[in-house]
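Computed from the coordinates by the stated procedures, all read-outs in this text should not be read as laboratory data. These figures come from a predicted structure and were not determined experimentally. Cβ placement follows ideal geometry from the backbone for every residue including glycine, while neighbour counts extend to all protein chains displayed.
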């Protein structure tokens with residue numbers, strides 16, 4: 001199993017949810033977060049002064065998927081939310097040793 005952590009623009013949430021549902025991934029956790037990467041935030045105008053805003057609103061989506069779905073989901077994320085510009089975000093992938101559905105005691109991929 002793999003844990004996928006996606007940090008991207010807030011307006012991309014519905015697209016990410018659609019991608020995950022299309023790959024039979026029905027569970028996810030979403031946080032509203034602030035952050036910046038290479039784009040280093042942005043400059044905004046406030047009463048004729050430039051104000052540097054280093055942190056931008058983003059979403060953080062976390063889910064656990066079957067190993068067999070990883071490349072397909074990664075490819076869909078790249079194709080459907082990537083714009084080729086700074087701020088598109090990042091996807092982090094890590095191994096999950098085991099999982100358990102507390103309600104039934106099911107373990108491994110059956111718990112997903």
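Restricted to segment 22-37, and to residues there that are within 19 Å of residue 101 (Cα to Cα) and outside any strand (DSSP E or B), the residue that is nearest to the chain's Cα centre (by Cα) is 28.
Mind listing whichever residues of segment 58-112 are at positive phi and surrounded by fewer than 17 Cβ atoms within 10 Å (Cβ to Cβ)? First the steps, then the outcome.
Quick first cut of segment 58-112, residues at positive phi only: 84, 87, 89, 105, 108.
84, 87, 105, 108, listed by residue number.
Residue count for segment 58-112, restricted to those that are touching a residue at least 24 places away in the same chain (Cβ under 8 Å) and assigned to a strand (DSSP E or B): 14.
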